[in-house]
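Below: one structure, written as structure tokens.
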Amino acid sequence: MNIGAPHRAARPGAFTRFSAMFVKEFIQLRRDRVTFATMIMIPLLQIILFGFAINTTPTNLPAAVLMQEHNDITRSVLAALRNTSYFRFVIEAESEAEMDHLIRSGEVLFAVEIPAGFERAIRRGDKPAILVVADATDPVASGTALAALQGTIERSLERDRVIPPNREDVQPFEFRQHRRYNPAGVTRLNIVPGLLGTILTMTMLIFTALSVTREVERGTMESLLAMPISPLELMLGKITPYIFAGAIQAAIIFGCGWFIFSVPLEGDPLLLIGLTLLFITTNLSIGYSFSTVAGNQLQAIQMTFMFFLPSILLSGFMFPFAGMPRWAQWIGEALPMTHYLRIVRGIMLKGASLPDLYREAGLLLLLMLIAMTIAILRFRRTLD
Amino acid sequence: MNGNGAGEYVIDVEGLTKRFGGRAVVHDLTMQVRRGEIYGFLGPNGSGKTTTIRMLCGLLTPDGGRGTCLGYDILTQADLIKPRVGYMTQRFSLYEDLSIRENLEFVARIYGLDKPREAAAEAIEQLGLKGRENQLAGQLSGGWKQRLALGACILPGPDLLLLDEPTAGVDPQARRDFWNEIHGLAADGLTVLVSTHYMDEAERCTRIAYIAYGELLSHGTVEEVIEKAQLATWTVSGPDLHRLAQKLMETDGIDMVAPFGSSLHVSGRDEKRLKAAIRPFQASSEYRWSPSEPTLEDVFIDLMQQSRDNFAEEAVSGGTLS
Ligand SMILES: Nc1ncnc2c1ncn2[C@@H]1O[C@H](COP(=O)(O)OP(=O)(O)OP(=O)(O)O)[C@@H](O)[C@H]1O
Ligand SMILES: [Mg+2]
């Protein structure tokens with residue numbers, strides 16, 4: 001018996017070895033029913049639970065008001081605020097100090113300050129400033145409410161004929177949000193970009209974080225290491241099938257965002273797809289590098305969660321990035337999700353194009369290359 | 001050193017040493033395997049056979065020593081060795097969640113065969129697995145797994161096979177088939193290093209090496225190994241051999257007592273002292289004594305006991321020193 005000898009290749013190429021690994025990984029991915037089911041269920045469940053839970057319009061948010069001037073107009077504004085379902089004006093504050101305290105202690109999520117001389121200034125067209133302080137710890141809720149606030153006040157002033165209706169984009173007053181909180185970018189529409197980043201981060205990391213440790217634990221690594229395949233070929237062969245898996249997930253989330261939540265897509269869909277694939281590959285590379293560092297599958301999963309948590313907290317998904325302390329921003333900059341959120345928000349909501357996103361895309365690429373380099377360097381080519 | 005295995009020796013290593021946590025698991029091992037040879041690698045559990053094989057194919061880095069495999073330096077040219085070596089691991093290490101065909105195609109692709117599908121299909125036919133090619137490897141019986149693993153090793157057409165206990169848990173008929181295949185491959189010029197615990201398999205090897213506690217204790221053809229041991233052996237049969245064996249073991253001049261079928265093999269390294277030692281037992285008419293040739297197994301058991309004694313002594317002296 002001399003199996004295969006007639007087929008012996010003169011010069012086996014890197015591509016055939018890569019494709020060997022690719023085909024094998026693809027089969028294993030397909031065969032692993034549980035993983036495959038999770039891959040479909042995680043995005044579906046999350047988008048539905050989170051999407052509906054977070055997207056239902058927040059109502060009765062506790063709020064305080066500080067009236068520096070009492071007259072018909074300010075009373076009318078207050079009445080209008082009370083009539084919206086967004087706020088529940090629990091307290092009328094007596095001073096700015098009291099207002100600050102109410103916010104800081106968490107008794108109210110919002111405080112609206114109507115300045116002294118508001119009526120006169122508005123009649124003269126001086127654009128007086130209404131100050132709104134918002135507790136941004138629940139940015140989704142506060143963002144929605146804030147968006148409603150300005151319209152509510154405007155409509156009440158129109159109704160009282162303080163300002164003319166059908167103004168052409170001239171703001172009768174300035175709506176100033178407290179500097180420390182920046183909920184402006186946080187609206188209902190950010191849920192889809194946020195979920196996209198979160199789900200892709202979590203599932204992509206786990207897929208590849210287990211790939212090397214699994215071979216070690218099942219004992220297949222011994223054969224694999226004795227075969228003529230380089231760490232680079234191995235890595236690329238292991239990562240690539242999951243790019244498809246990630247693309248399916250992304251498509252599911254986009255689809256839900258589009259059909260269920262009517263999220264707009266202002267920018268170029270191809271750019272969004274391209275950068276999403278880059279983000280997927282970056283996460284897969286990071287997961288793979290965990291896999292080369294971790295001693296077993298449990299460790300790999302733990303490392304994944306260690307990475308996942310800051311991705312949620314510090315990427316600008318949970319809390320506005322600009323509102324974070326400097327150190328947290330630095331950590332955030334090292335997380336792919338931070339850049340991806342900016343990319344998705346930019347493309348979907350603001351219609352950003354590639355020149356606007358060079359920096360974010362470049363940093364994603366850089367993070368990917370760093371992860372791949374670590375993985376190659378850390379890959380143990382022997383059983384020592 | 002340009003290796004195409006052109007030299008006389010396919011494996012030529014000197015002073016190989018491997019330590020795990022300060023303990024030398026393989027110690028100063030020197031061995032040579034010639035082209036086309038079937039080289040048997042024997043030794044008790046934990047003696048360092050697997051470790052040695054792993055060092056030969058670049059899976060472990062030796063802590064000491066040097067050598068070549070197929071003419072390539074085992075320390076620096078593992079990448080050149082791997083494509084030409086088929087390594088069959090002791091524990092099944094193909095993918096249990098891939099089918100037989102998928103496993104073989106994977107191997108064929110990794111080694112860059114021209115037509116991986118065709119190569120795998122041919123292998124399936126030759127392995128006698130036709131009709132079962134879509135069965136998952138994990139569902140195969142132990143013996144069939146071994147067959148598949150061997151098939152996967154041979155598939156890329158290697159120049160050297162490293163087989164780590166390829167017939168463990170395989171039935172006698174399958175074992176015989178297996179060895180016929182091995183001999184066929186060797187006749188075609190393939191070199192085979194095979195570790196085993198079976199004496200009958202050792203006797204089918206061109207040459208053998210015996211390793212215990214990481215030390216190579218003896219090597220050569222089976223006849224040479226037996227000859228070198230200088231063992232004198234008597235066979236004794238009779239009632240209650242178990243009790244007799246215990247008494248014999250405590251007797252000076254008797255180095256080894258081992259059951260042999262329904263009788264005992266009693267051996268000593270010094271023929272005269274052995275004769276003197278068994279004389280009192282021969283007086284009893286219950287037992288029948290006859291001089292006989294030592295078997296390979298007698299030699300191995302003796303070698304192992306000898307080295308265990310040395311090992312224990314070292315450990316004891318080490319213990320009193322510290
Ligand atoms: N990775 C490792 N780390 C620590 N010790 C190890 C490692 N691998 C092997 N050993 C030890 O080295 C010794 C030799 O092991 P090895 O597997 O080479 O023996 P073997 O001759 O193949 O035994 P067997 O016949 O049971 O297969 C054993 O004592 C084992 O415990
Ligand atoms: Mg072993």
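Against the definition (in the same structural domain as residue B:86 (by TED's automatic domain parsing) and part of a loop (DSSP other than H, G, I, E, B)), how does residue B:157 come out, yes or no? It would help to see each step written out before you state the result.
Working: in the same structural domain as residue B:86 (by TED's automatic domain parsing): yes; part of a loop (DSSP other than H, G, I, E, B): yes.
Judged against the criteria, residue B:157 is a match.
Within segment B:118-132, take every residue that is surrounded by fewer than 19 Cβ atoms within 10 Å (Cβ to Cβ) and under 14 Å from residue B:151 (Cβ atoms) and give me the one that is farthest from the other protein chains (Cβ to nearest Cβ).
So the residue we want is B:132.
Filter segment B:106-117 down to the residues that are more than 7 Å from chain A (Cβ to nearest Cβ) and more than 29 Å from the chain's Cα centre (by Cα), then identify the one that is nearest to residue B:163 (Cα to Cα).
Looking at the filtered set, the residue picked out is B:116.
Considering every residue within segment B:48-61, establish whether at least one is within 14 Å of chain A (Cβ to nearest Cβ), in contact with a Cys (Cβ under 9 Å, 6 or more places away or on another chain), more than 13 Å from ligand 1 (Cβ to nearest atom) and without any contact (Cβ under 8 Å) to a residue 40 or more places away in the chain.
Checked against the condition, which is being within 14 Å of chain A (Cβ to nearest Cβ), in contact with a Cys (Cβ under 9 Å, 6 or more places away or on another chain), more than 13 Å from ligand 1 (Cβ to nearest atom) and without any contact (Cβ under 8 Å) to a residue 40 or more places away in the chain, segment B:48-61 yields at least one hit.
Taking residue B:226 as the residue in question, decide whether it is within 14 Å of chain A (Cβ to nearest Cβ), away from ligand 2 (no atom under 16 Å from the Cβ) and assigned to a helix (DSSP H, G or I).
no
Quick one: what pairs do we get from segment B:164-177, first residue assigned by TED's automatic domain parsing to the domain that holds residue B:39, second within 16 Å of ligand 2 (Cβ to nearest atom) and among the acidic types (Asp, Glu), C-beta under 9 Å, 6+ apart or different chains?
These pairs meet every condition: B:167/B:201; B:175/B:201.
With (1) more than 13 Å from chain A (Cβ to nearest Cβ); (2) in contact with a Lys or Arg (Cβ under 7 Å, 6 or more places away or on another chain) as the list, and residue B:35 as the residue in question, which single condition is left unmet?
(2)
Just checking, which of B:160, B:190, B:217 is within 16 Å of ligand 1 (Cβ to nearest atom) and touching a residue at least 60 places away in the same chain (Cβ under 8 Å)?
B:217
Since residue B:194 meets every condition but one in (1) within 16 Å of ligand 2 (Cβ to nearest atom); (2) more than 14 Å from the chain's Cα centre (by Cα), which condition does it not meet?
(2)
Among the residues in segment B:232-253, are any within 16 Å of ligand 1 (Cβ to nearest atom), of a type in the set (A, V, I, L, M), in a strand (DSSP E or B) and crowded, with 20+ Cβ neighbours inside 10 Å?
Among the residues of segment B:232-253, not one is within 16 Å of ligand 1 (Cβ to nearest atom), of a type in the set (A, V, I, L, M), in a strand (DSSP E or B) and crowded, with 20+ Cβ neighbours inside 10 Å, which makes the answer no.
Can you confirm whether residue B:42 is more than 12 Å from chain A (Cβ to nearest Cβ), buried (at least 22 other Cβ atoms within 10 Å of the Cβ) and more than 16 Å from ligand 2 (Cβ to nearest atom)?
no
Listed residues B:13, B:25; which is touching a residue at least 24 places away in the same chain (Cβ under 8 Å), outside any loop (DSSP other than H, G, I, E, B), farther than 22 Å from residue A:221 by Cβ and of a type outside the set (Asp, Glu)?
So the residue among B:13, B:25 that is touching a residue at least 24 places away in the same chain (Cβ under 8 Å), outside any loop (DSSP other than H, G, I, E, B), farther than 22 Å from residue A:221 by Cβ and of a type outside the set (Asp, Glu) is B:13.
I'd like to check something: does segment B:199-207 contain any residue that is of a type in the set (Ser, Thr, Tyr), over 20 Å from the mean Cα position of the chain (by Cα) and away from chain A (no Cβ under 14 Å)?
So in segment B:199-207, the residues of a type in the set (Ser, Thr, Tyr) come out as B:206.
After this cut, where a residue has to be over 20 Å from the mean Cα position of the chain (by Cα) as well, the list is none.
Checked against the condition, which is being of a type in the set (Ser, Thr, Tyr), over 20 Å from the mean Cα position of the chain (by Cα) and away from chain A (no Cβ under 14 Å), segment B:199-207 yields no hits at all.
Specify which of the listed residues (A:297, A:302) is over 14 Å from residue A:201 (Cβ atoms), assigned by TED's automatic domain parsing to the domain that holds residue A:373 and without any contact (Cβ under 8 Å) to a residue 24 or more places away in the chain.
Testing whether each residue is over 14 Å from residue A:201 (Cβ atoms), assigned by TED's automatic domain parsing to the domain that holds residue A:373 and without any contact (Cβ under 8 Å) to a residue 24 or more places away in the chain leaves just A:302.
Give the residue that is farthest from ligand 2 (Cβ to nearest atom), with candidates limited to residues of segment B:63-98 that are free of Cβ contacts under 8 Å to residues at least 60 places away in the same chain and more than 10 Å from chain A (Cβ to nearest Cβ).
Among them, the one singled out is B:76.
Here's the yes/no breakdown for (1) under 25 Å from residue B:195 (Cβ atoms); (2) surrounded by 19 or more Cβ atoms within 10 Å (Cβ to Cβ); (3) out of contact with any His (no Cβ under 9 Å at 6 or more places or on another chain):
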position	(1), (2), (3)
B:108	no, yes, no
B:112	no, yes, yes
B:138	yes, no, yes
B:151	yes, yes, yes
B:154	yes, yes, yes
B:162	yes, yes, yes
B:170	yes, yes, yes
B:176	yes, no, yes
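Only one of these conditions is not met by residue B:53: (1) at pLDDT 95 or above; (2) aliphatic (A, V, I, L, M); (3) more than 16 Å from ligand 2 (Cβ to nearest atom). Which number is it?
All conditions are met except number (3).
The values are calculated or read from the model by the stated rules, or taken from the named source; none is laboratory data. Not measured: the values here are computed from a predicted model. Neighbour counts run over all protein chains shown; Cβ positions are idealised from the backbone, glycine included.
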